[in-house]
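Visitor: Take a look at the following structure, please.
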Amino acid sequence: MDNLLPTQLFAKASRAANLLSKSTIIWVLTGLLLGGAVGCTRREAAQHRPPATYAQQLRRLEQADSVRNFSSGLRLSAAEARADLRLRALREQLQAHYDSIHFFPPARNFYRWRRQMYATRLYSLLKTMPKGGVHHLHPSAGGSPWWIVQRALREPHCYVYWAADNGRFIKGELRFFRPAEVPAGFRPAAVLGRTVPGFPAQLHALLTFNESISRDSVNIWQKFEQCFQRMNGFTNYQPIFEDLATATLDSMAADGVQHVELRTGLSGSLYDLAHPAGSFPADSIVRYYQRAARRVRAHQPAFTFRLIYADLRFKSTALIARSMRQAFALHQRYPDVVAAFDLVAHEDAGHPTRYFQEVWQLRDSLAAATGTQLPLCLHDGESTWQHVPNVYDAAVLGSTRIGHGFNLAFFPAAEDLVRQQHICIEVSPLSNQLLDYVGDLRMHPAHTWIRRGVQVSISSDDPGIFDYVGVTPDYWAVFLAWELDLRDLKQLSLNGINYSYLTAAEKQRALASWQPQWDAFVARLNGEG
């Protein structure tokens with residue numbers, strides 16, 4: 001009614017005159033006019049209200065962004081608040097130092113700053129931080145490359161191809177043979193260790209990345225896959241498989257990781273001198289991992305693990321369907337070990353996720369047949385191309401987590417769905433940098449995801465090939481590059497447990513074990529421990 005003009009008000013009152021007394025009409029007119037006047041007064045007051053000051057507008061924007069942050073739901077205790085101030089001061093001190101020398105490490109190649117990183121107090125502190133869980137780790141490259149080199153030198157049947165690449169083998173390729181079956185170009189690792197000056201360091205260099213990779217490599221994924229080719233004949237050798245798995249899990253536990261989820265092929269790639277690849281069933285591989293985890297729990301009682309059945313996206317639909325059937329069967333037999341299904345490998349070169357539509361549709365019938373659900377944990381979005389839209393598929397297929405998701409920002413509707421469905425993105429910062437997806441880690445898309453409320457976890461992907469151990473280097477880099485605080489670190493650590501494939505009861509036990517470790521870390525930051 002406030003919007004009626006005065007002439008309209010009078011006309012409305014006149015139409016009612018036959019029903020109202022003269023005095024009533026006067027009261028109606030007075031009320032209508034006063035109501036209009038009050039409405040005008042309110043509008044005029046609003047128009048003349050002093051605008052928010054510059055400082056007020058800034059505060060409103062900052063507060064609006066703050067409540068969107070992925071860690072906004074956490075509240076710090078008094079002790080944590082004190083520790084946060086100390087940690088922020090340490091970060092600012094480091095940033096000021098790097099600014100003064102015009103060299104910010106996370107903006108440069110990892111190999112240009114890793115040695116000085118190890119010498120910082122920040123690294124020492126973060127190494128002691130309980131990191132909850134690591135969601136994205138490939139076990140063949142998940143541990144120390146030096147462990148592989150040293151063990152190869154001790155194994156009597158271990159050979160190294162030490163000749164020019166010939167189209168079948170490449171220099172540094174490790175394999176086990178019976179003496180009468182050694183191909184040309186392969187020499188005993190122990191003999192090379194005794195006769196070739198600096199052989200251990202040379203072999204290590206062939207198994208890993210170094211500073212020359214990004215400078216000299218035309219195709220960095222080719223170099224990456226060559227590293228796997230060199231070590232696969234070693235890591236798939238059954239007599240050492242359990243020891244290698246133990247060493248890998250041990251390296252994570254020693255780095256403050258309580259729970260590890262390994263992406264691994266369970267299709268029977270193990271071999272020994274008497275049996276070719278495929279002779280050892282998937283069940284035996286599961287048991288080797290179970291025994292390895294028990295060995296770690298002997299000194300880290302709260303340590304847990306899961307396996308994510310992973311196959312290659314280069315394969316045919318028929319082969320992936322066979323793997324899916326096997327994954328369901330293993331999940332049915334080992335529900336506390338085999339937790340999810342994934343496809344891995346170079347996304348820009350491999351089949352897109354939607355190429356396997358028949359496989360994804362097969363899940364419903366397999367779930368009905370086995371009486372169990374096998375989640376998807378898809379390795380999607382590890383690309384800088386918009387024409388690689390696999391994150392759409394991951395979101396639509398209900399992938400409970402997404403591995404990498406690097407190009408998610410190109411697909412805002414998918415990003416909204418990821419946020420709304422609380423899908424956690426497994427971020428591997430140094431892997432993304434070393435494989436040339438991003439140069440300056442300040443520009444990593446996860447830096448914006450966490451500010452928009454997308455939940456992420458931190459993993460190291462293939463640290464063995466990248467020549468480091470654990471996941472602390474990743475935390476060190478993003479703490480500085482993303483200007484994190486203690487609340488953010490706590491959220492990342494908790495995400496490693498809360499978004500894992502542990503059961504609800506296991507998560508409660510894991511958190512009960514995690515809490516005193518976190519309290520000890522906070523006390524250490526406060527100079528009390």
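The values are calculated or read from the model by the stated rules, or taken from the named source; none is laboratory data. Source: prediction; values computed, not measured. Methodologically, a virtual Cβ is constructed for each residue, glycine included, from the backbone with ideal geometry; neighbour enumeration extends over all protein chains shown. For the accessible areas, the whole protein counts, side chains as well, though only heavy atoms, and no ligand, DNA or RNA atoms are used. Shrake-Rupley method; radii C 1.70, N 1.55, O 1.52, S 1.80 Å.
Visitor: Would you mind telling me the share, in percent, of accessible area of the chain contributed by carbon and sulfur at probe 1.4 angstrom?
Guide: Within the chain, the accessible surface is 55 percent carbon and sulfur.
Visitor: Per residue of the stretch 400-407, what does 6.51 cos²θ - 1.76 cosθ + 1.60 with θ = phi - 60° give for ³J(HN,Hα)? Whole Hz please, x for Gly and Pro, Karplus curve as stated.
Guide: 5, 9, 10, x, 6, x, 4, 8
Visitor: Rounded to the nearest 0.05, what FRET efficiency do residue 64 and residue 364 have when you use their Cβ-Cβ distance and R0 = 30 Å?
Guide: 0.10
Visitor: Determine the calculated [θ] at 222 nm for the chain from helices alone, applying -39500 (n - 2.57) to every DSSP H run no shorter than 4 residues and normalising by the residue count; nearest 500 deg cm²/dmol.
Guide: Here the helix-only value at 222 nm equals -16000 deg cm²/dmol.
Visitor: Still on this model: After finding the eigenvalues of the alpha carbon gyration tensor for the stretch 360-484, what semi-axes result from the square roots of 5 times each, listed largest first in whole Å?
Guide: Taking √(5λ) for each Cα gyration eigenvalue gives 27, 17, 13 Å.
Visitor: Pop out the ³J(HN,Hα) list for the stretch 489-499 in order, Karplus 6.51 cos²θ - 1.76 cosθ + 1.60 with θ = phi - 60°, rounded to Hz; leave Gly and Pro as x.
Guide: So the J values, rounded to whole Hz, are 4, 5, 5, 4, 5, 5, 4, x, 9, 5, 9.
Visitor: Quick one: which residues, 5 or more positions from residue 340 or on another chain, have an amide H under 5 Å from its amide H? H modelled 1.01 Å from N in the peptide plane, none for Pro or chain starts.
Guide: 309
Visitor: Follow-up. Using Stokes-Einstein with the Kirkwood hydrodynamic radius over Cα pairs, what translational diffusion coefficient do you get for the stretch 369-436 at 25 °C and a viscosity of 0.890 mPa s, in µm²/s rounded to a whole number?
Guide: In µm²/s, the coefficient is 198.
Visitor: Does anyone have the angle between helix 78-100 and the longest principal axis of the chain? Alpha-carbon axes, 0 to 90°, nearest 10?
Guide: For helix 78-100, the angle is close to 70 degrees.
Visitor: In this model, which of 131/223; 127/490; 223/315; 131/507 are farther than 24 Å apart at the alpha-carbon?
Guide: Pairs exceeding 24 Å: 131/223.
Visitor: Accessible surface of residue 380 in the full protein assembly, 1.4 angstrom probe, to the nearest 10 Å²?
Guide: Counting only protein heavy atoms, residue 380 exposes about 0 Å² to solvent.
Visitor: Once both axes come from the Cα atoms, what is the angle between helix 145-154 and the longest principal axis of the chain, in degrees from 0 to 90, rounded to 10?
Guide: 10
Visitor: Here is a follow-up. Using a simple charge model, +1 on the beta-carbon of Lys and Arg, -1 on the beta-carbon of Asp and Glu, nothing else, what dipole does the chain show about its Cα centre, in debye to the nearest 20? Kindly include the intermediate steps, with their values, before the conclusion.
Guide: Values: 56 positive and 47 negative charges, 208 e Å.
In debye, rounded to 20, the chain gives about 1000.
Visitor: While we're here: Using a 1.4 angstrom probe, figure out how much accessible area the chain has per residue, in square angstrom, rounded to the nearest whole.
Guide: Per residue, the chain has 45 Å² of solvent-accessible surface.
Visitor: Can you tell me, using C-alpha contacts under 8 Å and at least 6 residues apart, the relative contact order of the chain as a whole percent? Please list the in-between numbers first.
Guide: Numbers: 794 pairs, mean separation 109.8, N = 529.
Relative contact order comes out at 21 percent.
Visitor: Using a/c under 1.5 as the rounded threshold, could you call the stretch 294-439 rounded, prolate or oblate? The axes a ≥ b ≥ c are square roots of the C-alpha gyration tensor eigenvalues, and prolate needs a/b larger than b/c, oblate otherwise. Provide the component values of the computation, followed by the final result.
Guide: On the way: a/c = 1.70, a/b = 1.20, b/c = 1.42.
Since a/c reaches 1.5 but b/c is at least a/b, the shape of the stretch 294-439 is classed as oblate.
Visitor: Rounded to the nearest 20 debye, what is the charge dipole size of the stretch 309-463 about its Cα centre when +1 sits on each Lys and Arg Cβ and -1 on each Asp and Glu Cβ? Write out the running numbers ahead of the final one.
Guide: On the way: 12 positive and 17 negative charges, 73 e Å.
Here the stretch 309-463 has a charge dipole of around 360 debye.
Visitor: Let me ask something additional. About its Cα centre, what dipole magnitude does the stretch 190-337 give when the only charges are +1 on Lys and Arg Cβ and -1 on Asp and Glu Cβ, stated in debye to the nearest 20?
Guide: Working: 16 positive and 12 negative charges, 65 e Å.
I would put it at about 320 debye.
Visitor: Return the percentage of antiparallel bridges among DSSP beta bridges fully within the chain, rounded to the nearest 5 %. List each step's numbers first, then the result.
Guide: Details: 6 of 32 bridges.
Roughly 20 percent of the DSSP beta bridges within the chain come out antiparallel.
Visitor: What percent do you get for the relative contact order of the stretch 228-308 when only Cα pairs under 8 Å and 6+ apart count?
Guide: Once divided by the residue count of the stretch 228-308, the mean separation gives 37 percent.
Visitor: Per 10 Å bin from zero, what fraction in whole % of the C-alpha pairs of the chain is there, up to the bin with the longest pair?
Guide: Computed distribution, short to long bins: 3, 16, 25, 23, 13, 6, 4, 4, 3, 2, 1, 0, 0.
Visitor: Something else: Compute the angle between helix 54-68 and the longest alpha-carbon principal axis of the chain, please, reported from 0 to 90 degrees and rounded to the nearest 10.
Guide: Helix 54-68 sits roughly 50 degrees off the main axis of the chain.
Visitor: Once Rh for the stretch 211-292 is found with the Kirkwood sum over Cα pairs, what is the Stokes-Einstein diffusion coefficient at 4 °C and 1.567 mPa s, in µm²/s? All intermediate terms of the calculation are to be shown ahead of the outcome.
Guide: Values: Rh = 14.6 Å.
D, rounded to a whole number, is 89 µm²/s.
Visitor: Taking the Cα atoms of the stretch 425-529 alone, what are Rg (to one decimal) and Dmax (as a whole number) in Å?
Guide: Radius of gyration, then largest Cα-Cα span, for the stretch 425-529: 14.7, 41 Å.
Visitor: Related question: Per residue, what volume in Å³ does the Cα convex hull of the stretch 249-353 take up? Walk me through the numbers before you get to the answer.
Guide: On the way: hull volume 13.6 nm³, N = 105.
Given the Cα convex hull of the stretch 249-353, per-residue volume reads 130 Å³.
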